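As structure tokens, the structure follows; a few thoughts come after it.
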Amino acid sequence: MSALFELDDFPETRTEWVIVGDWERCGLCGTRCSFNQGGTRTGTVCDDCAQIDGCRIREHDAIVMRGRDRNLPGAVRIARCLHCAWFLNAHRWEDGQSIPLTVDEVAQAMEHHVRPLHTSHWGVSHEIDQHDDLVAAQARRRSSYLGSVAV
């Protein structure tokens with residue numbers, strides 16, 4: 001399974017809206033944002049909307065797998081997920097020093113990763129029980145923006 005999925009794969013969590021604003025505003029809620037968040041056919045997407053854009057409960061399966069990190073010379077990965085891009089390095093940095101993770105720290109990080117979360121198209125996750133509040137906040141931002149441009 002690919003770490004990315006199409007926006008329309010899970011319509012039950014996707015709000016269908018016509019683009020609002022311009023490329024300097026989020027196409028979903030109208031919030032002013034920079035160009036670096038990415039975008040879709042709705043235009044630019046702000047960080048808040050990126051949390052819920054096409055989100056769904058995502059399956060995760062973390063396994064212990066030792067290997068070199070291709071992006072960080074000398075770093076060693078100790079665990080990774082079979083269904084997304086998550087990984088855990090074998091060391092953490094504290095006060096400029098590399099400290100090896102304990103077995104308990106690795107187990108705790110893996111357990112934290114596999115708990116059920118909503119994960120958006122953009123790879124941003126939130127707790128399942130936060131979803132309705134995030135959607136309501138998006139609707140308020142959109143309504144506020146549309147009300148301000150209608151005047």
- Message: Looking only at segment 103-114, count every residue that is open to solvent by less than 70 Å² (accessible area, probe 1.4 Å) and not acidic (D, E) and tell me the total.
- Response: 6
- Among (1) assigned by the TED database to the domain that holds T31; (2) open to solvent by 60 Å² or more (accessible area, probe 1.4 Å), G96 falls short only on (1)
- Message: On the basis of being closer than 30 Å to R25 by Cβ, in a loop (DSSP other than H, G, I, E, B) and in contact with a helix residue (DSSP H, G or I) (Cβ under 7 Å, 6 or more places away or on another chain), does G123 make the cut?
- Response: no
- Query: Which one of these is modelled with pLDDT under 80 and not acidic (D, E): V45, V18, V64?
  - Reply: V18
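The values are calculated or read from the model by the stated rules, or taken from the named source; none is laboratory data. These numbers come from a predicted model, not from an experiment. Positions of Cβ are generated from backbone atoms using ideal geometry, with glycine treated the same way; all protein chains shown enter the neighbour counts. Areas reflect the complete protein model, heavy atoms only, side chains present, ligands, DNA and RNA absent. Shrake-Rupley method; radii C 1.70, N 1.55, O 1.52, S 1.80 Å.
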